[in-house]
Amino acid sequence: MTLEHCDLLIVGAGPAGMAAAVAAAPSGASIVVIDDNPAPGGQIWRDGPGATLPPAARKWRDALERHANIRVRSGTRVVAAPSRNQLLLEDAERGWRLQWNRLILCTGARELLLPFPGWTLPGVTGAGGLQALIKAGLPVEGERVVIAGSGPLLLAAAATARAAGAKVVRIAEQASFAAVAGFAASLPRWPGKAVQAITLADAQYRTSSRIVSVQGATQVESVRLRQGGREVEIESDRVACGFGLVPNTQLGRMLGCALTPEGIGAQALAVDARQATSLADIYAAGECTGFGGSERALAQGTIAGHAAVGNEGAAKQHERERARWNAFAAQLGRSFALAPAIRQMPQPDTVVCRCEDVPFSALADCSGWTDAKLHRRCGMGACQGRVCGDAAQFLFGWTPPAPRPPLSPARIATLAGLAGPVDVDRQ
Ligand SMILES: Cc1cc2nc3c(=O)[nH]c(=O)nc-3n(C[C@H](O)[C@H](O)[C@H](O)COP(=O)(O)OP(=O)(O)OC[C@H]3O[C@@H](n4cnc5c(N)ncnc54)[C@H](O)[C@@H]3O)c2cc1C
């Protein structure tokens with residue numbers, strides 16, 4: 001197995017990872033950026049046959065290409081951390097080890113998927129999941145789509161669906177009118193966001209609305225929503241749900257990075273003013289440190305990139321920008337906090353762990369995640385708790401323990417590289 005070296009390794013090529021690499025590049029350091037997606041861009045600038053990349057995405061991609069000391073490895077996953085400064089990686093062809101002097105984690109966030117009656121029917125996806133499917137080429141022309149959950153991602157998903165020819169028949173936001181109006185009133189502090197909000201405004205948008213159930217024989221046929229005090233049923237072909245984002249902390253946790261304290265929403269990787277984590281030489285930026293949008297991810301990534309190559313002065317110059325977007329993130333968190341009623345969506349027979357068919361009622365008397373795994377097989381299936389773990393954390397307050405390697409499914413030959421000799425490749 002080959003052992004490669006780099007001065008700076010960046011995991012994740014979303015806005016945070018791209019900005020970190022571009023900020024660090026003038027130092028001359030050898031930089032490697034890896035990402036499990038086929039092209040740089042992360043969640044917001046996901047490429048595909050059904051995607052039209054905005055100019056900002058092109059700008060950052062071009063910037064990555066301009067620097068000869070940045071090597072981008074797309075389609076590459078992290079499998080394990082064989083030693084303190086090494087990661088075991090795998091792409092479609094091979095597995096290899098990569099030794100780094102500094103590491104920046106820019107692993108982003110994923111959607112919080114929550115169970116409700118009918119959520120396993122074909123046609124139900126995440127809100128961002130629907131966007132990703134459309135960008136990958138899923139035809140939705142003429143389909144009726146209901147989008148439900150919370151936060152601005154619902155409007156972004158609606159815009160993507162509509163641009164692809166779907167008919168968005170309802171956007172159900174669980175936050176109250178007062179909360180959403182308060183958010184809208186705060187937007188002039190971030191003028192770009194105010195303009196974006198106007199362009200995304202939608203006549204089908206309803207506040208204080210949450211999903212009750214999805215009906216259908218073999219796929220989605222209708223959606224029952226609670227809108228204020230009454231229930232309505234809407235005919236639909238697809239349902240896309242987004243209940244907010246969960247920071248992707250698995251790699252950071254596997255390495256031993258500390259998390260932010262509980263009680264302030266989803267736990268995220270803890271960082272200081274330089275974006276340094278609790279571990280020496282490991283930094284983190286973007287939504288793995290808490291959600292807050294691409295502008296915050298870009299500011300944090302820039303600071304992390306400068307700090308990781310010792311350019312503290314340049315890093316400091318971006319602190320004000322970061323503070324501005326941190327304030328936006330805090331406003332988002334306050335305005336779209338999930339109401340306690342969302343915890344009541346699952347019924348006793350609603351499946352929570354869809355890999356192992358574990359219903360909500362089977363989990364109600366478990367003392368925690370390990371108990372649920374050992375005695376109810378929750379999280380023991382193919383996804384290894386990636387979906388139901390977050391749901392259980394939200395529904396029951398359980399915190400899953402730090403993940404163990406392999407971090408993602410891997411080929412036997414790659415895993416064998418953990419034991420075998422290495423050929424040193426100094427690039
Ligand atoms: C599904 C989804 C859709 C979204 N759509 C929008 C939208 O339309 N508009 C909007 O304003 N915001 C959207 N967001 C929010 C958006 O994620 C952020 O604003 C922004 O993309 C965050 O940038 P980031 O660099 O922190 O993370 P991301 O953009 O999430 O990038 C992280 C990257 O790291 C990669 N990665 C993670 N772990 C590993 C690993 N172990 N090995 C290799 N690669 C790894 C991921 O594949 C990803 O490409 C979306 C979020 C999600 C989860």
Looking at the stretch 7-65, which of its residues are of a type in the set (V, I, T) and either more than 20 Å from the chain's Cα centre (by Cα) or surrounded by fewer than 22 Cβ atoms within 10 Å (Cβ to Cβ) (or both)? V22, I31, V32, I44, T52
Would it be correct to say that A158 is within 16 Å of the ligand (Cβ to nearest atom), free of Cβ contacts under 8 Å to residues at least 24 places away in the same chain and either aromatic (F, W, Y) or within 21 Å of W45 (Cα to Cα) (or both)? no
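Would you check if R296 is touching a residue at least 24 places away in the same chain (Cβ under 8 Å), basic (K, R) and over 15 Å from I104 (Cβ atoms)?
Yes.
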How many residues are within 29 Å of S176 (Cβ to Cβ) and polar (S, T, N, Q) when one looks only at the stretch 338-372? 3
Residues being in contact with a helix residue (DSSP H, G or I) (Cβ under 6 Å, 6 or more places away or on another chain) and either of a type in the set (D, E) or open to solvent by 10 Å² or more (accessible area, probe 1.4 Å) (or both): count how many of those fall in the stretch 92-105. 2
Hits in the stretch 210-229 (condition: open to solvent by less than 30 Å² (accessible area, probe 1.4 Å) and assigned to a strand (DSSP E or B)): I211, S213, V214, S222, V223, L225, Q227
Check every one of the helices (runs of 4 or more DSSP H) wholly within the stretch 345-427 and list those with 2 or more residues that are closer than 25 Å to W119 by Cα. 360-363, 369-376, 388-396
Taking R170, is it crowded, with 21+ Cβ neighbours inside 10 Å, charged (D, E, K, R) and within 29 Å of G252 (Cα to Cα)? no
Only strands (runs of 3 or more DSSP E) wholly contained in the stretch 1-106 count here; list those with 2 or more residues that are under 24 Å from A280 (Cβ atoms), within 16 Å of the ligand (Cβ to nearest atom) and among the small types (G, A, S). 77-83
Among residues of the stretch 106-145, those that are open to solvent by less than 30 Å² (accessible area, probe 1.4 Å) and free of Cβ contacts under 8 Å to residues at least 40 places away in the same chain, counted: 0
Scan the stretch 173-192 residue by residue and report those that are within 13 Å of the ligand (Cβ to nearest atom) and either among the hydroxyl-bearing types (S, T, Y) or open to solvent by 30 Å² or more (accessible area, probe 1.4 Å) (or both). G192
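The values are calculated or read from the model by the stated rules, or taken from the named source; none is laboratory data. Remember, predicted model here, so these are calculated numbers, not experimental data. For neighbour counting, all protein chains shown are included, and Cβ atoms are generated from backbone atoms with ideal geometry for every residue, glycine included. The accessibility values were calculated without ligands, DNA or RNA, using every heavy atom of the protein model including side chains. Shrake-Rupley method; radii C 1.70, N 1.55, O 1.52, S 1.80 Å.
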